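The values are calculated or read from the model by the stated rules, or taken from the named source; none is laboratory data. What you see is a predicted model; the values in this text were computed from it and never measured. Neighbour counts are summed over all protein chains in view; Cβ atoms, including those assigned to glycine, are modelled from backbone coordinates with ideal geometry. To get the accessible areas, we keep the full protein, side chains included, count just its heavy atoms, and leave off ligands, DNA and RNA. Shrake-Rupley method; radii C 1.70, N 1.55, O 1.52, S 1.80 Å.
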Amino acid sequence: MRAKRRTLLVLLGLILLAGAALALLTWANRREEQAASAAEEGTIPLSSFAAEDLTALEYTWQGETVSLSCDGGTWTLTDDPDYHLDQTKCDTMAAALTDLKAKRQLDPQPGEDYGFAAPLLTVSVTAAGQTSTFVFGDVNTVTGDVYLQRAGEDAVYTAASAKAGCFEYSKAELFEPFNPAGLTASRLERIEYTRSDGEEPFTVRLQAVSVPEEDSAADSSASYTTAWRLEDAPDTVLDEEKTDSLLSALSSYVTGQITGADPSGYGFDQPLVTVSASDGEKDYRLTYASGADGYYLMVEGDSSIYTVDGTVLAAFISAEELKT
């Protein structure tokens, strides 16, 4: 019995030692990962502020200057607050600056400007009433790091290229696609559209109706589904794929936004398609036009002009084409 107890104690001791060794190895690995992460991000502090204290950010990239304002965590273009910004991209820019660290500090060499004469990127950030400006120069072809300076200082630093890469967006590339009408296709009850770009303009009026599902048509407790029908021919079955394309076009996301422009310069003095739709609670009015550079949309109550894909216009077909 004593031999068995001794054996159990030895085994228990071995298990405890193995557990301790595993814990020590896990701790060592974590420390090594943290050290590697710090080396990758940098250890020389260049800026440090709380994200909630940030109020403005301005950067110049490829000759274009973008000025952003932040209020309560929401970003807007300073000179165009109605522009629909990608908030995630703006948050990523802010995160790159809230705790900016360099990897190395260099002694500037005579005759070497490190790309600062024609910088890749210049960024100014305002937080808690203080503004700091950073100039990003060339990228080191060996390490892949970018050269960096604080405005007004001679010191040259290197930082991870990602610190500059997150700013490489034009104003157009900061736009976040969305549906400006705010309609939900599945809730629509009525659609009317007029197309005027062909030889003969035509108007199509559609309404949503409940019809029994095919596999339960003969059942007294039949299930129903929603289908679209012509208002003047409610018994005519329409091509489901074509009506789905129409609904998809109405709820599709726009790809760009133009503010403060004259609509006539984008073809709205002679629109291609005008649409009115209703979901029973709200009415929607949309106008599509063609300009020199593509296709555009305007929504009633919104002065912005939005860019859309040409496939959207292709969905507005005649009543005859909608029939199966």
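Listing for the model above:
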item	result
Test result for Thr7, in a helix (DSSP H, G or I) and either more than 30 Å from Asn179 (Cα to Cα) or modelled with pLDDT under 90 (or both)	yes
Flag for Arg195 being basic (Lys, Arg) and surrounded by fewer than 16 Cβ atoms within 10 Å (Cβ to Cβ)	no
Filtered residues of region 237-273 (kept if more than 23 Å from the chain's Cα centre (by Cα), more than 25 Å from Arg190 (Cα to Cα) and among the small types (Gly, Ala, Ser))	Ala261, Ser264, Gly265, Gly267
Residue that is modelled with pLDDT under 95 and of a type in the set (Lys, Arg), where the choices are Arg150, Arg190	Arg150
Qualifying residues in region 113-122 (those that are more than 17 Å from Thr143 (Cβ to Cβ) and not small (Gly, Ala, Ser)) - the one least open to solvent (accessible area, probe 1.4 Å)	Leu121
Cβ-Cβ under 8 Å pairs, at least 6 apart or on other chains, region 170-194 side closer than 10 Å to Asp279 by Cβ, far side part of a loop (DSSP other than H, G, I, E, B) and open to solvent by less than 20 Å² (accessible area, probe 1.4 Å)	Leu183/Asp279; Thr184/Asp279; Arg187/Asp279; Leu188/Asp279; Glu189/Asp279
Hits in region 310-324 (condition: surrounded by fewer than 18 Cβ atoms within 10 Å (Cβ to Cβ) and touching a strand residue (DSSP E or B) at 6+ places or on another chain (Cβ under 7 Å))	Gly310, Ser318, Ala319, Lys323, Thr324
Which numbered condition Tyr147 misses (of (1) out of contact with any Lys or Arg (no Cβ under 9 Å at 6 or more places or on another chain); (2) within 26 Å of Glu58 (Cβ to Cβ); (3) outside any strand (DSSP E or B); (4) open to solvent by 20 Å² or more (accessible area, probe 1.4 Å))	(3)
Checklist (1) at pLDDT 95 or above; (2) surrounded by fewer than 17 Cβ atoms within 10 Å (Cβ to Cβ); (3) under 22 Å from Ser196 (Cα atoms) applied to Ala292, failing item	(1)
Total residues in region 121-164, condition touching a helix residue (DSSP H, G or I) at 6+ places or on another chain (Cβ under 9 Å) and of a type in the set (Gly, Ala, Ser)	8
Within region 268-283, tally of residues that are assigned to a strand (DSSP E or B) and open to solvent by 20 Å² or more (accessible area, probe 1.4 Å)	4
Where Pro110 falls short, out of the listed (1) within 18 Å of Val146 (Cβ to Cβ); (2) surrounded by fewer than 16 Cβ atoms within 10 Å (Cβ to Cβ)	(1)
